[in-house]
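I have placed the structure first, in the form of structure tokens, so that the comments after it can refer back to it.
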Amino acid sequence: MKEREIALGTKLLIGGIAGIVGTMAMTSAMWRSHEKLPKKERYPLTPREIVDSTVDAAEIELSNEAAKDVTLAAHFAYGAACGALLGALNPRMGARSGAAAGVGVWLASYMGWIPAAGILKPANEHPARRNALMIGVHLVWGGATAKAMRELVRARETIIAGGPDRDAPGRRRA
């Protein structure tokens, strides 16, 4: 049976949702890994550094509590946006391809646009253990995002696919 093509808007939706799922897995791995770093390297990870740098450059005053919320929102929004891009490419990608894409996101971000925008120094100027942590959690993000996309595609094609079945047992009658 030939697989049906998925519309771009649907791919973006699936990828965005999956990117949030991947970001949750990544975030869990981040804090578990962060606490294993040597004490002198346990300062906030790059999502918070990005917010702090951006807020400083814009000369905006944020309390620590507000910065935590902005960081959390920005971290998940970026994960969703990157997931949407992956979904647009291939919402049926496997975990290995997803993990590789996660490393690609790390490279493009921490060796690419973030230093180019003057937000942070490039990754090669950060401690090696912190880079290893960040590469590792991007592997987690990519693998989890790919798995979530495959599950969402499967759910959409099966349990959500239905259509108007007027005689379905749980359906409300008009």
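The values are calculated or read from the model by the stated rules, or taken from the named source; none is laboratory data. Keep in mind that this is a model prediction, so the values were computed, not measured. All Cβ positions, glycine included, derive from the backbone under ideal geometry; neighbour counts span all protein chains shown. Note: accessible area is taken over every heavy atom of the protein model, side chains too, but ligands, DNA and RNA are not part of it. Shrake-Rupley method; radii C 1.70, N 1.55, O 1.52, S 1.80 Å.
Residues I6, I160, I20, ordered by accessible area of protein heavy atoms at a 1.4 angstrom probe radius and largest first, appear as I160, I20, I6.
Specify whether the C-alpha gyration tensor of region 1-97 places it in the rounded, prolate or oblate class, a ≥ b ≥ c being the square roots of the eigenvalues: rounded for a/c under 1.5, otherwise prolate if a/b is larger than b/c and oblate if not. Taking the square roots of the gyration eigenvalues as a ≥ b ≥ c, region 1-97 is oblate.
Accessible surface comparison of E49, E5, E151, probe 1.4 Å, protein chains only, largest first: the order is E5, E151, E49.
Of the residues L139, A66, A116, the one whose Cα sits farthest toward the positive end of the charge dipole of the chain, with +1 on the Cβ of Lys and Arg and -1 on the Cβ of Asp and Glu, is L139. Within the set K36/K121; K68/K121; K36/K68; K11/K36, which residue pairs have Cα atoms separated by over 30 Å? Checking Cα-Cα distances, K11/K36 exceed 30 Å. Here R129 sits with roughly 120 square angstrom of accessible surface, probe radius 1.4 Å. Can you give me the solvent accessible area of W113 with a 1.4 Å probe, rounded to the nearest 10 Å²? For W113, the solvent-accessible surface is approximately 110 Å². Given the choices [x] 16.2; [y] 17.7; [z] 17.0, Kirkwood radius over Cα pairs in Å derived from the coordinates of this structure is entry [y]. Using Cβ point charges alone (K and R +1, D and E -1), the dipole size of the chain about the Cα centre works out to roughly 860 debye. In the distance distribution for region 47-135, Cα-Cα pairs more than 17 Å apart total 57 percent.
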